[in-house]
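Step one of this worksheet: look at the structure below.
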Amino acid sequence: MNNIAKPIYRIISGLIDYMLFILPAIYLVYRLSYASNIENVLDGLWPIIIFFLIYNIITVCINSFLISQFGGTVGKLLTGTRIVNSNGQNLSFWRAFFRNQMGYMVSGVFLWLGFIWVFFDKEVRTWHDMIVDSYVIVVNKTIFILGVFCLIVITSLNILLINFSIANFRNNSTVYTELVDQTVKSFEEENK
């Protein structure tokens, strides 16, 4: 296989995907941080609960679609890399789905050794690549700079939202203290 992507391409693309993945959750927490009373806090928790229940499934499906149709996740596309099979073609949707779900679980099972394996494998493959017989190749080296820039921007946005959220939580700390006190009180009453 020609143009195998070096680990740095995979690391940057993985970080982009991760930062994009957590951005909506951080934004929902940021919105929750503006709650000025207990009712607003409880109303703001529902979107977060729903988000965590369905977001992972939606993300895996979107990423599997992107891999099957365009050759990679957003991170891979922004770094000029593609995920291909041994014939150099895009993976099918179900093979991409299996790679992202089962393959990632196998790669992460023993302290992420399956991901770290990329540094020791002659073909620069992880365990999840070996499971579905996929390779990550470079299709455009100049786009890599765009990926690094996007990673910096997305990471900065996440950090900014986290900082604003912390400041808002501090400003509204009495609301959260009251909520915790009421929760503890009702829990103690139920356990009497």
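Derivation of every value follows stated rules applied to the coordinates shown; laboratory data play no part. Keep in mind it's a predicted model, so treat the numbers as computed, not measured.
With each run of n ≥ 4 DSSP H residues scored as -39500 (n - 2.57), what mean residue ellipticity at 222 nm is computed for the chain after dividing by its residue count and rounding to the nearest 500 deg cm²/dmol?
-22000 deg cm²/dmol
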Query raised in the report: Using alpha-carbon pairs under 8 Å, 6+ residues apart, how would you state the relative contact order of the chain in percent?
Result: 32 percent
Query - Alpha-carbon centroid distance for the pair the range 115-175 / the range 177-192, whole angstrom - result: 40 Å
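Compute and list, largest first, the equivalent-ellipsoid semi-axes of the chain from the alpha carbon gyration tensor, each √(5λ) rounded to a whole angstrom. Working shown, then result.
On the way: eigenvalues 324, 73, 40 Å².
Rounded to whole Å, the semi-axes are 40, 19, 14.
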Query raised in the report: Convex hull over the Cα atoms of the range 81-142, averaged projected area in nm²?
Result: 4.5 nm²
